[in-house]
């Protein structure tokens, strides 16, 4: 048996379905808690129906599988694979990576397990998973795949602009008084990731200013391999077209993809979110 299995979490998003090597990829779901009720694997919740603010007491929470659950999953895949490669959303955002470390230690005698903290979320994770899947399909060995993924992580840039500051509070990224004041003032912070940690880099006064910042950020790069835009609901539901037109004009040959926000990302940042992921070239 000589087969590499790739595991990732449900916050990841892919640039297109049926990518090369997709048959080697398994997605680990998150449970969702709202108003004290648990929704296994998020069933019954639509991200675009989430309220604009959590200040009404909905208490959204992303529930990662614990170490015991992940150990059982590793045990299952150990029967089918010669190596498990797990690429997860930033450990600073969700605790699945830390639980996987504990599970991998317990399962170390079953099969070699490689864990990678992507230090990003959404399409950023998806691009890494797709790259790994392509390498598996090409017959590359696990060590070479791991090295390629780790070298790519610093070339991924993720921007998040959200009007849902109360969601940031519920996720543990912002103090409640700041969240309340920010939503009252209609603040639009632009966030980036530094070694997986959320870092505010701009305070946009309005949607137009946020778009201008995204475009200025893009202009800093000369060699790009992919640009992805992640679209939430109002006030950002019409902004994808503006960014699309800009990208096609400035970077006509760079692959571009558009994505609706997914549920795990909406639970962390709120449904009123606009995101952009950039993969820099060599």
Discussion item. Just to compare against my own numbers: the Cα pair-distance distribution for region 177-282, 10 Å bins, whole % per bin, please.
Written reply: 13, 46, 34, 7, 0
Discussion item. How far apart, in nanometres, would the label points at residue 59 and residue 187 be if each is projected 7 angstrom from Cα along the Cα-to-Cβ direction?
Written reply: 2.6
Worksheet item: Mean separation of Cα pairs under 8 Å and 6+ residues apart, divided by the residue count of the chain: what relative contact order is that in percent?
Response: 22
Practice prompt. Please express the shape of the chain as an equivalent ellipsoid: the semi-axes are the square roots of 5 times the eigenvalues of the C-alpha gyration tensor, given largest first in whole angstrom.
Written response: 31, 24, 15
Worksheet entry | Extension gain from residue 246 to residue 222, taking 0.36 nm per residue of separation minus the Cα-Cα distance | 7.1 nm
Item to complete: Please report, in Å, the Rg and the Dmax of region 4-153, where both are computed over Cα atoms only.
Response: 16.0, 52
Worksheet item: Nearest 10 degrees, 0 to 90: what angle lies between the long axis of helix 96-106 and the longest principal axis of the chain (Cα atoms)?
Response: 10
Worksheet item: Taking the alpha-carbon centroid of each part, what is the distance from region 91-125 to region 218-256 in angstrom?
Response: 30
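Please tell me the relative contact order of region 154-201 in percent, rounded to the nearest whole number, where contacts are Cα pairs under 8 Å and at least six residues apart.
40
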Worksheet, complete the sentence: Neighbour-count ranking for 184, 276 (other C-beta within 10 angstrom, fewest to most) reads 184, 276
Worksheet entry | residue 76-residue 46 pseudo-label distance in nm [points 7 Å out on the Cα-to-Cβ vector] | 2.9
Practice prompt. Return the calculated 222 nm mean residue ellipticity for the chain, to the nearest 500 deg cm²/dmol, obtained by summing -39500 (n - 2.57) across DSSP H runs with n ≥ 4 and dividing by the residue count.
Written response: -10000 deg cm²/dmol
Worksheet item: When the chain is modelled as a GNM with alpha-carbon springs shorter than 10 Å, which of 171, 228, 132 fluctuates the most?
Response: 171
Worksheet item: When the gyration tensor of region 229-282 is built from Cα positions, what are the square roots of 5 times its three eigenvalues, in whole Å, from largest to smallest?
Response: 22, 14, 7
Discussion item. How large is the translational diffusion coefficient of region 178-232 in µm² per second when you combine the Kirkwood radius over alpha carbon pairs with Stokes-Einstein at 25 °C and 0.890 mPa s?
Written reply: 189
Item to complete: Take the alpha-carbon centre of region 27-53, take the same for region 173-214, and report the distance between them in whole Å.
Response: 23
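Every number here is computed from the coordinates shown, using simple stated rules; none is lab data. Source: prediction; values computed, not measured. Ideal geometry is used to build each Cβ from the backbone, glycine not excepted, and the neighbour counts take in all protein chains shown.
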